[in-house]
Amino acid sequence: MSVSIISRATWGATPWDHDAASDGPAYVPLSSRSEFFVHYDGASHITRTGYAIPRAIEAEHFGNGWAGIGYNFVVSQAGEIFEGRGWDRQGAHCPNHNISGFGVQIAIGGDQEPSATALAACRALYDEACRRTGKTLAKRGHRDGIATLCPGTKLYAWVKAGMPAEGYEAAPTPGGSVIPGGSVARYKVTISGLEYGYGAYGDHVTAVGRALVAKGFGRHYTSGPGPRWTDADTENFSDFQVLLGFTGTAPGGDADGVPGETSLRALLGTLPGKTTTASAPAFPGRDKFRPGANNAYVTQLGRQLVAKGYGKHYSVGPGPKWSESDRRAVEAFQRAQHWTGSDADGYPGPETWRRLFA
Ligand SMILES: [Zn+2]
């Protein structure tokens, strides 16, 4: 199935360079991509069609203070694929996954039924993403990245089922033999600053292999284990994940052999790598973030917003004096959680704080 993408110019996107201070979202090399996130539009059914779909999302995301549509692509019920951030720019769709993950919205909401045409188009887009990156990208729903209802029950079930699509034929990825959904997962994850999964390299990879062998999960090794993560490492780790009770051994499944924190900790008894702070700093109270407030927590908040990619509102950088820049950056972060109304008023509460520092 070929993928035909309706360009930003065609649907009438506001050009990136309309903002004299910027030429748009940062470029991300394809080699940084390892995940493919599916989203929906939120609680409400979508009745818009055609170019009105991306235009409405653009308007909403401008309202968030973003550079334009936050998704890399948007898929309509009619199967149209609209270019948002495209293949080469950082998205704004899931905190901590905007570089590693492509974000694609299927333009439905609530309990709306996705059309077979939309699902086939999204699946074709996924295959194209794998072809371009040369990887079997992990299939994710937004809620796999952060606590949210997105992409809704129906799309999430579809993602977890491996994104089946009628009439779909798996396209071989470069290198030939890996069929998405049919073979060994070939993507990497980073846990505590260390990479795991196909192609990862280091003593920590050897340590995983040795631990697998020690626990009786070494049957796929013909040599090694060694410092380069191979398909055999993935297959052995998959066996271990299945033992732990995870399901889904196809690429992107929870037992596909690419470690997650839980399985890695279960195997090693600890998480190697740089120690991150165990938990978020305590929320200092709402009164610290009000007009007129001037304290170190405002600076701390602002710096974290910048670190998480919400720095575009600051013209001079975060400081101790609460400003409209702070409020708008917080609001953008809150909207990225799919919060609305007073939950996205730009004033942080304990949950905003917790997620921001998670
Ligand atoms: Zn989402």
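Laboratory data are not the source of any read-out in this text; all were calculated from the coordinates shown. Values in this document were obtained by computation on a predicted structure and should not be read as measured data. Ideal geometry is used to build each Cβ from the backbone, glycine not excepted, and the neighbour counts take in all protein chains shown.
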The Cα radius of gyration of the stretch 207-358, divided by 2.2 N^0.38 Å with N its residue count, comes to 1.47
Applying the gyration tensor rule to the Cα atoms of the stretch 1-111 (axes a ≥ b ≥ c; rounded if a/c under 1.5, else prolate if a/b exceeds b/c, else oblate), the class is rounded
Where a ≥ b ≥ c are root eigenvalues of the Cα gyration tensor, a/c under 1.5 meaning rounded, otherwise prolate if a/b exceeds b/c and oblate otherwise, the chain counts as oblate
By the mean-Cβ-within-10 Å protection proxy, highest first, 300-307, 197-204 rank as 300-307, 197-204
Those helices of the chain passing the 24 Å axial Cα length cut-off and the mean Kyte-Doolittle cut-off of 1.0 (DSSP H runs only) are none
Expressed in nanometres to one decimal, the distance between label points 7 Å along Cα→Cβ at ALA214 and ARG303 is 3.8
Once Lys and Arg are counted +1 and Asp and Glu -1 for all other residues with Cβ under 15 Å from that of ALA282, the total becomes +2
Quick calc, THR222 & TYR201: beta-carbon distance into FRET formula, R0 22 Å, rounding 0.05, result 0.70
Within the stretch 1-155, the percent of DSSP beta bridges that are antiparallel, given to the nearest 5, stands at 20
Per the rule of 0.36 nm per residue minus the C-alpha distance, extending GLU60 to ARG132 adds in nm 23.0 nm
Of all DSSP beta bridges with both partners in the chain, the antiparallel percent, nearest 5, is 40
Distance in nm between ALA293 and SER183 label points, each 7 Å along Cα→Cβ, equals 5.3
Once the in-chain neighbours fewer than 8 apart are removed, the lysines whose Cα is under 26 Å from LYS160 read LYS135, LYS139, LYS188
Over 31 Å (Cα to Cα) among LYS154/LYS312; LYS154/LYS308; LYS154/LYS288 -> LYS154/LYS312; LYS154/LYS288
Contour minus Cα-Cα span, SER115 to ASN96, at 0.36 nm per residue, comes to 3.9 nm
Output row, site HIS18, 7 Å Cα→C-beta label point, backbone N cut-off 20 Å, window the stretch 326-358, residues 329, 332
Once Lys and Arg are counted +1 and Asp and Glu -1 for all other residues with Cβ under 15 Å from that of GLY141, the total becomes +2
From DSSP H assignment alone, runs of 4+ in the chain each adding -39500 (n - 2.57), the sum over residues rounded to the nearest 500 puts [θ] at 222 nm at -9000 deg cm²/dmol
Once both label points are put 7 Å beyond Cα along the C-beta direction, the ILE146-SER315 separation in nm becomes 2.7
